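The values are calculated or read from the model by the stated rules, or taken from the named source; none is laboratory data. This is a predicted model, so every value here is computed, not measured. Note that we place each Cβ from the backbone using ideal geometry, even for glycine, and neighbour counts take in every protein chain shown.
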Amino acid sequence: MTPSPPGSGPVRAYIAFGANLGEPAAAFEFACTRIAALPGTRVTARSALYRSAPVGVSGQPDYINAVIGVDTTLPAADLLAALLAIEEAAGRTRDYHQAPRTLDLDLLLYGDAEIHLPQLHVPHPRMHRRAFVLLPLAEIAPQAVIPGHGPVAALLPGVADQTISRL
């Protein structure tokens, strides 16, 4: 992993956590611990855990979701690679699209950057339409702005019909 250019300082990034297999609360602690151990990275905030129904699939257990805030000097692509390695260390498999998972980590925001690479899209393309992302993000970063979509607080009414409960 390569650090950001000298003098550029850390970037505030937000990471979505989700799990609906195994022990999601333990997976959240595992993820937070591993993220905090990444080079040049400090966890600055952790939302509460939230329960939500799976989106776009049926017959799966509910998800436990949260958002983690970090300050990091890792470039976005390196941060994503580290998140994927944490998923793998937690036993994440990708059997099929939208399969249930022991741990899912998505890079939501990386400063105010808009990144469009084959393996990485920031802001996360559907985050502005998902209560399970917006509510925990609003909890830890009420002033956050999603590039191209606006302030998180202004987006919350658009997801008010989605069932989500704070644990």
Determine if the stretch 22-32 includes at least one residue that is among the aliphatic types (A, V, I, L, M) and buried (at least 16 other Cβ atoms within 10 Å of the Cβ).
yes
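Please state which one of PRO118, PRO157 is modelled with pLDDT under 95 and not basic (Lys, Arg).
Details: PRO157 fails: modelled with pLDDT under 95.
Exactly one residue qualifies, and that residue is PRO118.
Of all residues in the stretch 85-106, which are part of a loop (DSSP other than H, G, I, E, B) and either at pLDDT 95 or above or of a type outside the set (Lys, Arg) (or both)? Reasoning before the result, please.
First, the residues of the stretch 85-106 that are part of a loop (DSSP other than H, G, I, E, B): 90-103.
Selection gives ALA90, GLY91, THR93, ASP95, TYR96, HIS97, GLN98, ALA99, PRO100, THR102, LEU103.
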Determine whether THR102 is of a type in the set (S, T, N, Q) and surrounded by 20 or more Cβ atoms within 10 Å (Cβ to Cβ).
no
Condition broken by SER52, with the remaining ones in (1) farther than 24 Å from PRO142 by Cβ; (2) surrounded by 15 or more Cβ atoms within 10 Å (Cβ to Cβ); (3) among the polar types (S, T, N, Q) satisfied
(1)
What tally of residues in the stretch 109-163 results from selecting those that are among the β-branched types (Val, Ile, Thr) and either in a loop (DSSP other than H, G, I, E, B) or surrounded by 19 or more Cβ atoms within 10 Å (Cβ to Cβ) (or both)?
5
Qualifying positions in the stretch 40-49 - loosely packed, with under 15 Cβ neighbours inside 10 Å and under 14 Å from LEU167 (Cα atoms)
ALA48
State whether one or more residues within the stretch 72-84 are outside any strand (DSSP E or B), touching an Asp or Glu at 6+ places or on another chain (Cβ under 7 Å) and touching a residue at least 60 places away in the same chain (Cβ under 8 Å).
no
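Which residues, taken from the stretch 27-37, are touching a strand residue (DSSP E or B) at 6+ places or on another chain (Cβ under 7 Å) and touching a residue at least 40 places away in the same chain (Cβ under 8 Å)? Walk me through how you get there before you give the answer.
Taking the stretch 27-37 and keeping what is touching a strand residue (DSSP E or B) at 6+ places or on another chain (Cβ under 7 Å), we get 27-28, 31-32, 35-36.
Across the stretch 27-37, the qualifying residues are ALA27, ALA31, ILE35.
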